[in-house]
Each structure stands twice: as structure tokens, then as C-alpha cells.
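*Asks:* Take this structure, written in C-alpha cells, and hold onto it; I'll ask about it next.
The values are calculated or read from the model by the stated rules, or taken from the named source; none is laboratory data. Since we're looking at a predicted model, the values are computed, not measured. Here the Cβ positions follow ideal geometry from the backbone for every residue, glycine too, while neighbour counts run over all protein chains shown.
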Amino acid sequence: MRFRIMLGAGLLAVSTLVVAANEELMIGRFSAGDLNDWQTKSFQGETRYRLMAQDGRRVLFAESQGTASGLYREIPVDLNRTPWLNWSWRVDRVLSGVDERSKAGDDYPARVYVVVSGGAAFWKTRSLIYVWSSNQAVGATWNNAFTGNARVMALRSGMKDASRWVSEKRNIRADFQQLFGEDIHQIDAVALMTDTDNSGQNATAWYGDIYFTVQ
């Protein structure tokens, strides 16, 4: 079994970050050309990630050609203070003929993870995965095909919003409660991935800044 949803589980030994209640907690400042503290996790080949100018701003570009690797940042986030995760993304096309609920179809043009570490009990690590689905309905949720410790939620679907930037804002505590039945107070990592290793197709995506806010 490939533990792609773990994305570095067991490596989350970092100091607590203090943030003022009225401030943003920046996770990915791609607009400033900053990829510091982001690490690569490879599963099948290397998805290519690079900073580039797009639509008048600097963003993170991802290109997968039958590959699967992600970027992740280990950072503790106090959800009592900043429970809202914000980001923007864009895809120009989705994948054809994939069953995203199966192992053979577990590919997405774009996805963003939040990870709750199990610590030494790495098998207890849980991941909430927001995806730009190729065919599932917006709002649909399901278990990741490879493990019951990851839940997937489709925020965008198909070509409806393709070829333009769209913004997302999710209450992580509320979504985790909905999908796992747990009231969590901290997440330990954030990750993103564009992958097509199972289907062998090609996909491109663009990711804007990722940050947490009070509301």
C-alpha cells in the first residue's frame, strides 16, 4: 500500500508557532517566490513544481506526466485561533475516464491536504484532502482508496470552473468533524499534489498562496 496520504507522517517534530489572533498564518507564500520549508514527497516519478508568473502574479505551477509527487510543509496550526484555510487554484483540464474512488483512478489535477499527525503511532495519522475532481459532484465526500485514514472532499468538479482562478475557504475544524467525527484543535502539516501516475495521463495546475485566518 502506498501511503501517499501520509506525506511525511512521523516527521512532524517542529516547534509551536505563535500567531496573533488578528493575523494571517502564512503557509505558502508563493507570491513572494518563497518555497522555504516545503519538502518533496515522491510516490511515482516526479511531478514538476516551479514558481512562475501567471495572470500578473507569482504562483506555484505543477505539471504531472504519469507521475505522483507532492510538496508538504510541516507546521503546527492552532485551529482554536486560526481555523480557516484559504487558497486559490486553477486547472485548465481534468482527467478522463477515471474512477476517483478506486485505486486505479486515484489521480487529481489538483489537491490540497491538511494532516493530523499520529506521532509515534504513525498509523493513526489522518488526512483531509480537498480535490479538484474530474467527475465527482461538488460537495461529495469519500474515503481515499488506499486507506481509511484519509477522507476526500470535492470542492470543484470537471470543466465548469476550469481555465480561471477560483478561491477556496474552508473551516478545517468543521470539515474534520463532518468527515472524521472528531473535534480537532491542531493540524501538523499542509500539502499539495498534482498526480496522474495511476491513469498515466497529463495534468497541469496552478496554486496561489495558502494561509490560515481567524475567520
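*Asks:* Of all residues in the stretch 63-81, which are assigned to a loop (DSSP other than H, G, I, E, B) and either touching a Gly at 6+ places or on another chain (Cβ under 7 Å) or over 17 Å from LEU128 (Cα atoms) (or both)?
*Replies:* Within the stretch 63-81, the first condition is being assigned to a loop (DSSP other than H, G, I, E, B), and the residues that meet it are 66-67, 79-81.
The answer is GLY66, THR67, ASN80, ARG81.
*Asks:* Of the conditions (1) surrounded by fewer than 16 Cβ atoms within 10 Å (Cβ to Cβ); (2) closer than 27 Å to GLN215 by Cβ, ALA121 clears all except one; give me its number.
*Replies:* (2)
*Asks:* Here is a follow-up. Just a yes or no: is a residue in the stretch 74-81 charged (D, E, K, R), within 23 Å of ALA162 (Cα to Cα) and at pLDDT 95 or above? Give the derivation first.
*Replies:* Of all residues in the stretch 74-81, those charged (D, E, K, R) come to 74, 78, 81.
After this cut, where a residue has to be within 23 Å of ALA162 (Cα to Cα) as well, the list is none.
The answer is no; no qualifying residue exists.
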